[in-house]
Amino acid sequence: MLVVSTTGVVATMIATGEDRLGQIRDAAIVVDGDRIAWVGQKSSLADAGLDLSGADHLDAQGALITPGLIDCHAHPVFAGSRAGEFADRAEGKSYLDIAAAGGGIMASVRATRAASTAELAAACKSRLDTAFSFGTTTCEAKSGYDLTVDGELRLLEAARRAGEASPVDVSPTLLAAHAIPPERQDDRAGFVHEIIAHTIPRAAAQGFARQIDVYCDEGAFTVAETRAILTAGKACGLTPRAHVGQFSDLGGAELVAELGGASADHVENVSPEGIGALAKAGVVAVMLPGACVQLGMTPPPVADFRRAGVAMAVATDMNPGTTYCESLPLQMWLATTHYRMTVPEAWLGVTRHAARVLGRDDIGVIAPGARADLVVWNAETPADICYHYGPSLATTILTFGQAHTIP
């Protein structure tokens, strides 16, 4: 066993009264194998009925301890750079203009198709390792930068290899409907049929993808196409999700709610009806402030989500085009400043609510039975992580109960 203790605060992310983060001061956490066995004030540890005679001890002194962070929307499997597009946007060109000229997702598709599976896995692992240094212990990995049947399966395989080589637990998502590839522009219906008839069944049979995502927006997939793809994925056991309302509100939020999906992501443009549908269905709205800020867009209607009782997650959207960032704390800063989310909302967004997006109840909280993913921070309060953005404040990270020191 391992006893992790602090004279500071343990934020369990399980609300106690008005404290939405369930903070315990002068606390201890008992880890048994890869699970949490007990958490509470140190003064109560002797009454916990645990045999700690041979336990190891990690004294965090006055440090903040939280669950490991969860990045529930990320695209870490890709090759190539789009720094030139970043410069173009700085000169005033829009994302849609760049995409129409052959840039955007298609630029990454060309580079990714040219890379080997080993190269993609190595690049993905490097990004996961960087994310880990900022406190991320679980990260989604979407496919979506090949757009052929075999290619999308290859990206899922690269994500699997990267996860096996990294301390970060990878949660894979099939995003075969990320864009219409150039060679299929005159055959949209055939491409959608190919995803439904071939890519989805093979990905489900492969057993690695857990969720299915579609980019439902202007210049991407229509609501009808999204419905057909998500319905096919759900029939194969993949949980529906969708990029919705980043540029235009096509009704994607209502569709995800109707299908019982896990999340609607981006949601800069969503109607009151869409917000109501998400609330009624219990769908999480995933905030991606890095992409929103980089593209100069108006933030989502956070106050409306809050009033409606829609749970909000926060993620990096780690990708080569609109937010090449592995740091969840940086996104938390953006969420609390640019989006005007509260500190508790930002924290729940990268822990408990993010776990809900990924369909997990064993991560994102510090509680008996939860996986022992913990972060010890060079900080005293949860607000410090949003406030002191830029450098990593993580000093020690536990994944599956194993401690890693962050240099």
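The values are calculated or read from the model by the stated rules, or taken from the named source; none is laboratory data. Please read these numbers as outputs of a predicted model, since none were measured by experiment. No Cβ is skipped: glycine too gets one built from the backbone with ideal geometry, and neighbour counts run over all protein chains shown. Just the protein is used for accessible areas: all its heavy atoms, side chains included, with ligands, DNA and RNA removed. Shrake-Rupley method; radii C 1.70, N 1.55, O 1.52, S 1.80 Å.
Of note:
- Qualifying residue in the stretch 123-146 (condition: out of contact with any Phe, Trp or Tyr (no Cβ under 6 Å at 6 or more places or on another chain) and more than 30 Å from residue 375 (Cα to Cα)): yes
- Qualifying residue in the stretch 159-170 (condition: touching a residue at least 40 places away in the same chain (Cβ under 8 Å), among the aliphatic types (A, V, I, L, M) and not in a helix (DSSP H, G or I)): yes
- For first residues located in the stretch 304-329 and in contact (Cβ under 8 Å) with a residue 60 or more places away in the chain and closer than 12 Å to residue 349 by Cβ, partners that are buried (at least 23 other Cβ atoms within 10 Å of the Cβ) and among the polar types (S, T, N, Q) and lie 6+ apart or on another chain with Cβ distances below 9 Å form the pairs 313/263; 315/331; 316/136; 316/323; 316/327; 316/331; 328/136; 328/316.
- Residues that are part of a strand (DSSP E or B), touching a residue at least 24 places away in the same chain (Cβ under 8 Å) and either of a type in the set (Ser, Thr, Tyr) or more than 15 Å from residue 370 (Cα to Cα) (or both) within the stretch 11-27 comprise 23, 27, listed in sequence order.
- Residue pairs whose Cβ atoms lie under 7 Å apart, sitting 6 or more positions apart in sequence or on different chains, and linking a residue in the stretch 247-260 that is in contact (Cβ under 8 Å) with a residue 40 or more places away in the chain and within 17 Å of residue 297 (Cβ to Cβ) to a partner that is open to solvent by less than 50 Å² (accessible area, probe 1.4 Å) and assigned to a loop (DSSP other than H, G, I, E, B), are 247/217.
- Residue identified as of a type in the set (A, V, I, L, M), open to solvent by less than 10 Å² (accessible area, probe 1.4 Å), free of Cβ contacts under 8 Å to residues at least 60 places away in the same chain and over 27 Å from residue 374 (Cα atoms) among 177, 205, 189: 177
Listed here are the residues, each with its yes/no results for (1) open to solvent by less than 10 Å² (accessible area, probe 1.4 Å); (2) within 28 Å of the chain's Cα centre (by Cα); (3) modelled with pLDDT under 95.
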{"site": "9", "(1), (2), (3)": "yes, yes, no"}
{"site": "15", "(1), (2), (3)": "no, yes, no"}
{"site": "20", "(1), (2), (3)": "no, yes, no"}
{"site": "26", "(1), (2), (3)": "no, no, no"}
{"site": "35", "(1), (2), (3)": "no, yes, no"}
{"site": "38", "(1), (2), (3)": "no, yes, no"}
{"site": "46", "(1), (2), (3)": "no, no, yes"}
